[in-house]
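Step one of this worksheet: look at the structure below.
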Amino acid sequence: MIMWIFILCLAAFLLWTIFNSFFMPSLPKKNPAVNGHPLLSVLVPMRNEERNVKSLVASLKNSTYPKIEFIILNDQSTDRTQQLLEEEIDGDSRFTILQGAELPTDWVGKVHACHQLQKAAAGELLMFVDADINFKPEAFEQSIALMQQKKAKSLSGFPAFEVAPFLSKLLVPMQHFVVFFHLPLGLANYASFPAATAAHGAWMLFDRKTYDEIGGHHSVHNSLVEDVHISREIKKAGHRMLLANITESVSSKMYDTNKEVWEGFLKNSYTGIGRSSVMAVLLTLFYILFYVIPFALAVIGIFMLKPLFVVPYLLICLQQLYVMLRTRQNPLLAFLMPFQAGAMIAVLLHAMQKSRRRQSYSWKGRNYL
């Protein structure tokens, strides 16, 4: 009886994920119609990004949006970022390179970089992108068109992720999973309810007037999850913020090493749930029960010839597989779901431990409490 109840719960989770996903619109695929073609300022913070310069500049240059400017801020890089930028831009008049100012003590590095970028922007629309993304030439048109169609003032989306290091195969796909499973996308996209909000800083589009109205990045100057918090400010001001499926047009290679993966998730996981130890414990128990234990049951079922014991594992893999297929991820990674859940628990608990001990998180050579 208990096993059947367990299976029904997991089946319900699968059905909910499928149903919930229909409330996330995708970018239009062909000939997106943009009203008026307002000037778009594409703003890129870069700190020690020499490995991404060539691919990023190539993507920017290939953009088909007609009225556009590219502003890149070299945030006190100590590698060859500046040299490579100058080489790759090669005199293209659409590009401007800024040099980042010293980081104030009460600001987070990326937020301060974005704040400096918007000051130099002339566009009616602001598009903040990360240095590690690649995108199709029409991606800007698609994003602007969808934002206009839905009458939103801001748009964001999680890219399709390249997952080279092993740890990224475990942790990175969980970003899409958490959004499709835990975020009520109907409330996120069709209601001005700030708590039901998600965003990804790699791809954030704003109406400039609305951005200025809420105080821009200055309003979230000390946030490690500024993408979510600035999106909440949009909603608090009574405007619509849209979370879209951008994976057909935008991809990202967030990390090159397992250490980078761990540090990246460490700074965002506990902070992303409001540094709530109660929520961290509840999530840990939830994921152990529903997403780790099914693997143990499957092993028992195989060795004891009890097929019913394998069903929970198959259901959680199907749930992750659905998310993978909707977001252009490697579907084979879905069978690692118990290990992905375990890795997510581990990084969350480690982040909580560091926070409670007042130990700093490290990212790109800077430390944050």
Subject >> Paramagnetic label zone (point 7 Å from Cα along Cα-to-C-beta, ARG356; backbone N under 14 Å) in the stretch 258-279 >> reply: 270, 275-279
Original post:
What ³J(HN,Hα) values, in whole Hz, does the Karplus curve 6.51 cos²θ - 1.76 cosθ + 1.60 give for the stretch 188-200 when θ = phi - 60°, with x put for Gly and Pro?
Top reply: 5, 9, 10, 8, 8, 9, x, 5, 8, 9, 9, 7, 10
**OP:** Can you tell me the relative contact order of the stretch 217-290? Whole percent, Cα pairs under 8 Å, sequence separation 6 or more.
**Re:** 24
**OP:** May I ask for the distance between the Cα centers of the stretch 248-322 and the stretch 89-142, given as a whole number of Å?
**Re:** 33
**OP:** Express in % the proportion of alpha carbon pairs of the stretch 86-233 at distances exceeding 17 Å.
**Re:** 68
**OP:** Return the percentage of antiparallel bridges among DSSP beta bridges fully within the chain, rounded to the nearest 5 %.
**Re:** 40
**OP:** Would you please classify the overall shape of the stretch 298-369 from the alpha carbon gyration tensor, given that a ≥ b ≥ c denote the square roots of the eigenvalues, rounded means a/c under 1.5, and beyond that prolate means a/b larger than b/c while oblate covers the rest?
**Re:** oblate
Original post:
Measuring from label point to label point, each 7 Å out along Cα→Cβ, what is the SER276 to LYS236 span in nm?
Top reply: 1.7
**OP:** Sort the stretch 233-281 into rounded, prolate or oblate with this rule: let a ≥ b ≥ c be the square roots of the eigenvalues of the Cα gyration tensor; rounded if a/c is under 1.5, and if a/c is not under 1.5, prolate when a/b is larger than b/c, oblate otherwise.
**Re:** oblate
**OP:** Diagonalise the Cα gyration tensor of the stretch 105-175 and give the resulting equivalent ellipsoid semi-axes, square root of 5 times each eigenvalue, largest first, whole Å.
**Re:** 25, 21, 12
Subject >> Nearest-20 debye value, the stretch 184-281 charge dipole, Cβ charges on Lys, Arg, Asp, Glu >> reply: 240
Original post:
What accessible area, in Å² to the nearest ten, does a 1.4 Å probe give for LEU289?
Top reply: 80
**OP:** Between LYS67 and HIS37, with labels modelled 7 Å along Cα→Cβ, what's the label distance in nm to one decimal, could you check?
**Re:** 0.9
**OP:** Could I get the Rg over Rh figure for the stretch 1-66? Both from C-alpha atoms, Rh via Kirkwood, rounded to two places.
**Re:** 1.27
**OP:** Assign one of three labels to the stretch 53-135, namely rounded, prolate or oblate, based on the Cα gyration tensor with a ≥ b ≥ c the square roots of its eigenvalues; rounded applies when a/c is under 1.5, prolate when it is not and a/b is larger than b/c, and oblate otherwise.
**Re:** oblate
Original post:
About its Cα centre, what dipole magnitude does the chain give when the only charges are +1 on Lys and Arg Cβ and -1 on Asp and Glu Cβ, stated in debye to the nearest 20?
Top reply: 1060
**OP:** Leaving out ligands and nucleic acids, note down the accessible area per residue over the chain with a 1.4 angstrom probe, in whole Å².
**Re:** 44
**OP:** With the convex hull built on the Cα atoms of the chain, state its orientation-averaged projected area in nm².
**Re:** 18.5
Subject >> Solvent-accessible surface (1.4 angstrom probe) belonging to VAL278, in square angstrom, nearest 10 >> reply: 100
Original post:
To the nearest whole percent, what portion of all C-alpha pairs in the stretch 243-369 is separated by more than 17 angstrom?
Top reply: 67
Subject >> Loop chymotrypsin sites (Phe, Trp or Tyr not before Pro), the stretch 66-157 (other Cβ atoms within 10 Å of the site Cβ: 12 or fewer; DSSP) >> reply: none
Subject >> Helical contribution to [θ] at 222 nm, DSSP H n ≥ 4, -39,500 (n - 2.57), averaged over the chain, rounded to 500 >> reply: -14500 deg cm²/dmol
**OP:** Could you tally up the Lys pairs in the stretch 1-123 with alpha carbons closer than 25 Å? Skip any pair fewer than 8 positions apart unless they're on separate chains.
**Re:** 10
**OP:** For ARG366 and ALA11, calculate 0.36 nm times their separation in residues minus their Cα-Cα distance, and state this gained length in nm to one decimal.
**Re:** 123.4 nm
**OP:** Mind checking which of LEU73, PHE95, TRP107 is farthest towards the positive end of the stretch 47-107's charge dipole, using Cβ charges of +1 (Lys, Arg) and -1 (Asp, Glu) about the Cα centre?
**Re:** PHE95
Original post:
Of all chymotrypsin sites (Phe, Trp or Tyr not before Pro) in the stretch 1-33, which ones are in loop regions per DSSP and have a Cβ with at most 12 other Cβ atoms within 10 Å?
Top reply: PHE22
Original post:
Rounded to the nearest 0.05, what FRET efficiency do LEU314 and SER93 have when you use their Cβ-Cβ distance and R0 = 56 Å?
Top reply: 0.50
**OP:** Check every DSSP H run in the chain and write down those whose alpha carbon atoms cover 27 angstrom or more along the long axis and whose mean Kyte-Doolittle hydropathy is -1.0 or greater.
**Re:** 2-21, 337-356
Original post:
In the stretch 1-52, what trypsin sites (Lys or Arg not before Pro) fall in a loop by DSSP, with at most 10 other Cβ atoms inside 10 Å?
Top reply: LYS29, LYS30
**OP:** Tally up the carbon and sulfur contribution to the accessible surface of the chain as a whole percent, 1.4 Å probe, everything protein left in place.
**Re:** 61
Subject >> Whole-Hz couplings from phi, Karplus 6.51/-1.76/1.60, listed for the stretch 212-221; x for Gly and Pro >> reply: 5, 4, 8, x, x, 5, 4, 6, 10, 4
Original post:
What spacing in nm lies between the two simple spin-label points modelled at MET1 and MET304, each 7 Å away from Cα in the Cβ direction?
Top reply: 1.9
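The values are calculated or read from the model by the stated rules, or taken from the named source; none is laboratory data. Please read all numbers here as calculations on a predicted model, not as lab measurements. Here the Cβ is made from the backbone with ideal geometry for all residues, glycine too, and neighbour counts use every protein chain on show. Protein only, heavy atoms only, side chains kept; ligands, DNA and RNA dropped before computing areas. Shrake-Rupley method; radii C 1.70, N 1.55, O 1.52, S 1.80 Å.
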